[in-house]
Amino acid sequence: MMQSYLQLIRLPLLPSALGNICLGGISAGLTFSEVGNFILLLFSSAFLYTSGMAWNDFFDAKVDATERPDRPIPSGRVSKRHAAIFATILMVSGMACALSIELLRGFSGHALTMALLIAFFILAYDGGGKNFLFGPFLMGSCRFFNVLLGWSVIAQPLPDTAYLQAGIIGIYIVGVTLYAKNEAIQSNRFALISASLVIVMALLLGLTFPGLAPLDSTPPMLYPYLFFLLLIRICNALFKGIKAPTPRNVQLGVVTCLKSMMLLDCLLAIGVRGWVGLFILLLLLPNLVLNRFKKLYST
């Protein structure tokens, strides 16, 4: 039973959501006195992210009955009612963590506002928005505000750098969502090429990020070279899906992009705060461990 609920929330991909929070927190200049609030932000993001995965399967139960009959709900291992209750508990817990930060430090509204916006876009996307042209933008908005949720560890108006960072992540996820649109069936090659261009555009923005953002310090000299390596890694996975747009190749491309988000978060943090951004790579450890459990799928 526990395994079914862990499958429902796509546990192996959870570190990618936490990476967004670490990106925001580190870039904001997280101090030791704010560690408690930062931990609450991590829990808030984790609960909201997993609720989104559970709501996704709840609303997609009919489609999954045909395309993915082995998933928890269509297979009968988790009922729709229990999935809805589980998703609601997770979402409320995420907002409760954000509210706790506001109550502990004095109400600024930043953390709670970001959490509420994430919850709104999760429900808008899962509840039917994914079927429309603007669907990928709803998903991108979830990640956009997730990065800003990390930045909200500081109880003051967010700088332009925060919105630029969040925008890069948001555009990246718009592209990944477009790429994954028909991952369960044979994908359209032209659609995959268009989605890949969006992803590459986001990465190129990341590459030039230090020149676009009003930074207080100069990023390390290795920054552009590391970003170029990330670009090569992602483009290689995307090209395999374009060359042979089978469900397996496209899904591998999607998973590669999602797993690469931690590297993208790390590099964007390095662009602002230097090598301290490498701490985000610690999230690769739970990611590697979780991926050893083959029954906990990622897509």
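The values are calculated or read from the model by the stated rules, or taken from the named source; none is laboratory data. What you see is a predicted model, and the numbers here were worked out from it, not measured in a lab. Virtual Cβ from ideal backbone geometry, glycine too; neighbours counted across all protein chains shown.
Filter the stretch 16-46 down to the residues that are assigned to a helix (DSSP H, G or I), touching a helix residue (DSSP H, G or I) at 6+ places or on another chain (Cβ under 7 Å) and either among the aliphatic types (A, V, I, L, M) or surrounded by fewer than 24 Cβ atoms within 10 Å (Cβ to Cβ) (or both) and list them by number.
Across the stretch 16-46, the qualifying residues are Ala17, Leu18, Ile21, Leu23, Ile26, Asn37, Phe38, Leu40, Leu41, Leu42, Phe43, Ala46.
Would you pick out the residues in the stretch 59-99 that are at pLDDT below 95 and polar (S, T, N, Q)?
Thr66, Ser75, Ser79, listed by residue number.
If I ask for residues that are out of contact with any helix residue (DSSP H, G or I) (no Cβ under 7 Å at 6 or more places or on another chain) and either surrounded by fewer than 19 Cβ atoms within 10 Å (Cβ to Cβ) or at positive phi (or both), which ones from the stretch 252-278 would you list?
Across the stretch 252-278, the qualifying residues are Gly274, Trp275.
Name, by its number, the condition in (1) over 30 Å from Phe32 (Cα atoms); (2) in contact with a His (Cβ under 6 Å, 6 or more places away or on another chain) that does not hold for Ser152.
(1)
From the set of residues in the stretch 232-249 that are aliphatic (A, V, I, L, M) and in contact with a Gly (Cβ under 9 Å, 6 or more places away or on another chain), which is nearest to Leu192 (Cα to Cα)?
Ile242
Residues in the stretch 166-174: is at least one of a type outside the set (A, V, I, L, M, F, W, C), closer than 24 Å to Cys22 by Cβ, in a loop (DSSP other than H, G, I, E, B) and in contact (Cβ under 8 Å) with a residue 60 or more places away in the chain?
No, there is no match, as no residue in the stretch 166-174 is of a type outside the set (A, V, I, L, M, F, W, C), closer than 24 Å to Cys22 by Cβ, in a loop (DSSP other than H, G, I, E, B) and in contact (Cβ under 8 Å) with a residue 60 or more places away in the chain.
Please state which one of Ala54, Ala98, Ala84 is surrounded by 14 or more Cβ atoms within 10 Å (Cβ to Cβ), in contact with a helix residue (DSSP H, G or I) (Cβ under 6 Å, 6 or more places away or on another chain) and under 18 Å from Met139 (Cα atoms).
So the residue among Ala54, Ala98, Ala84 that is surrounded by 14 or more Cβ atoms within 10 Å (Cβ to Cβ), in contact with a helix residue (DSSP H, G or I) (Cβ under 6 Å, 6 or more places away or on another chain) and under 18 Å from Met139 (Cα atoms) is Ala54.
Could you list all residues from the stretch 175-200 that are closer than 24 Å to Ile118 by Cα and in a helix (DSSP H, G or I)?
Listed by number, the residues that qualify are Gly175, Val176, Thr177, Leu178, Tyr179, Ala195, Val198, Ile199.
Looking only at the stretch 149-167, how many residues end up being of a type outside the set (Gly, Ala, Ser) and buried (at least 24 other Cβ atoms within 10 Å of the Cβ)?
4
Which residue pairs have Cβ atoms under 6 Å apart, sit 6 or more places apart or on different chains, and have a first residue in the stretch 80-92 that is touching a residue at least 60 places away in the same chain (Cβ under 8 Å) and a second that is polar (S, T, N, Q) and crowded, with 19+ Cβ neighbours inside 10 Å?
Leu90/Thr50; Leu90/Ser51
Would you confirm, using the coordinates I've provided, whether Val176 is surrounded by 24 or more Cβ atoms within 10 Å (Cβ to Cβ) and in contact with an Asp or Glu (Cβ under 6 Å, 6 or more places away or on another chain)?
No.
Please go through the stretch 1-10 and give me each residue that is buried (at least 20 other Cβ atoms within 10 Å of the Cβ), of a type in the set (A, V, I, L, M, F, W, C) and part of a helix (DSSP H, G or I), ordered by number.
Within the stretch 1-10, just Leu8 meets the criteria.
Considering Gly274, Gly253, which residue is assigned to a helix (DSSP H, G or I), under 17 Å from the mean Cα position of the chain (by Cα) and of a type outside the set (A, V, I, L, M)?
Gly253
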